[in-house]
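The values are calculated or read from the model by the stated rules, or taken from the named source; none is laboratory data. Just so we're clear, the structure is a prediction, and the values are computed from it rather than from any experiment. Here the Cβ positions follow ideal geometry from the backbone for every residue, glycine too, while neighbour counts run over all protein chains shown.
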Amino acid sequence: MSEAANLTVMNHPLIQHKVSILRDKDTTVRDFRALCMEISMLMAFEAMRDLPLEEVVVETPVAPAKAYKLSGKKLALVGILRAGLIMVDGILNLVPNARVGHIGLYRDPKTLEPVEYYNKLPADISERDVFLLDPMLATGGSAAAAISILKDIGAKSIKLLCIIGAPEGILAVHSKHPDVEIILAAQDERLNDHGYIVPGLGDAGDRIYGTR
Ligand code: PRP
Ligand code: URA
């Protein structure tokens, strides 16, 4: 794992291996979806490393055991539509009791500016640790807008998990929201003239849903 201020890039071998297959243009829609879910779970496993625990006593069939359960604030998983949905599905396998929110944003293909079309978020989000999920952090416009929406309704603790991020997106999010930790599976080189991450993996939504 390599860490800079509020940026973590996960370099676990399993994550790197799976991201390589994800990038491959010949990976099928079915495999692409499965890999997105697996990578998201591995990322969440690490991103949730500092969740607080409380000591409890559990009666095993043999004797009382000193054990630990999650305590502290509850969790909210917020997916940016469409592509973030697959990360929500993956991470719910680990934390099935988490509340789920959705923010609908699409990137205008000409201006590359995010356009909001939907949001439905847990009412008590201010009391939850929020994990904002989107596979791609390109210009950072969508993630920064989603973070502003979350903060406007009171969210205070937000981590952004993206599978691939470009330096431009990291800078944009950190300059608007320096308090938000960004966690990536891979940091790529740059954006191309169309705002796509290079080398990236193409259009994540299209590859997940087979729409191109
Ligand atoms: C993609 C991706 C991000 C956004 C990233 O979504 O899933 O939400 O682009 O780009 P940005 O960092 O420059 O804002 P897209 O707008 O293609 O919508 P979709 O998921 O509905 O296909
Ligand atoms: N959105 C994507 O899905 N891919 C990119 O490379 C950039 C934005």
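Computed values, structure above
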read-out	value
Elements of type helices (runs of 4 or more DSSP H) in segment 123-212, at least 2 residues being over 25 Å from residue 45 (Cα atoms), touching a Lys or Arg at 6+ places or on another chain (Cβ under 9 Å) and more than 16 Å from ligand 2 (Cβ to nearest atom)	none
Segment 128-151, subset without any contact (Cβ under 8 Å) to a residue 40 or more places away in the chain and hydrophobic (A, V, I, L, M, F, W, C), residue farthest from ligand 1 (Cβ to nearest atom)	147
Pair list, Cβ < 6 Å and 6+ apart or interchain, from segment 112-123 residues that are touching a residue at least 12 places away in the same chain (Cβ under 8 Å) and surrounded by 14 or more Cβ atoms within 10 Å (Cβ to Cβ) to residues that are among the β-branched types (Val, Ile, Thr) and part of a loop (DSSP other than H, G, I, E, B)	112/139
Residues (touching an Asp or Glu at 6+ places or on another chain (Cβ under 7 Å) and touching a residue at least 60 places away in the same chain (Cβ under 8 Å)) located in segment 40-75	73
Residue list for segment 1-26, filter: closer than 11 Å to residue 207 by Cβ and either small (Gly, Ala, Ser) or touching a residue at least 40 places away in the same chain (Cβ under 8 Å) (or both)	22, 23, 25
Search result, residues across segment 177-212 that are crowded, with 16+ Cβ neighbours inside 10 Å, more than 12 Å from ligand 1 (Cβ to nearest atom) and over 27 Å from residue 29 (Cβ atoms)	177, 180, 181
Condition met for residue 155 (under 17 Å from the mean Cα position of the chain (by Cα), crowded, with 20+ Cβ neighbours inside 10 Å and more than 10 Å from ligand 1 (Cβ to nearest atom))	yes
Among (1) within 16 Å of ligand 2 (Cβ to nearest atom); (2) in contact with a strand residue (DSSP E or B) (Cβ under 8 Å, 6 or more places away or on another chain); (3) at pLDDT 95 or above, the one test that residue 113 misses	(3)
Among residues of segment 73-115, those that are within 16 Å of residue 148 (Cβ to Cβ) and among the β-branched types (Val, Ile, Thr), counted	4
Test result for residue 29, more than 21 Å from residue 140 (Cβ to Cβ) and touching a residue at least 60 places away in the same chain (Cβ under 8 Å)	yes
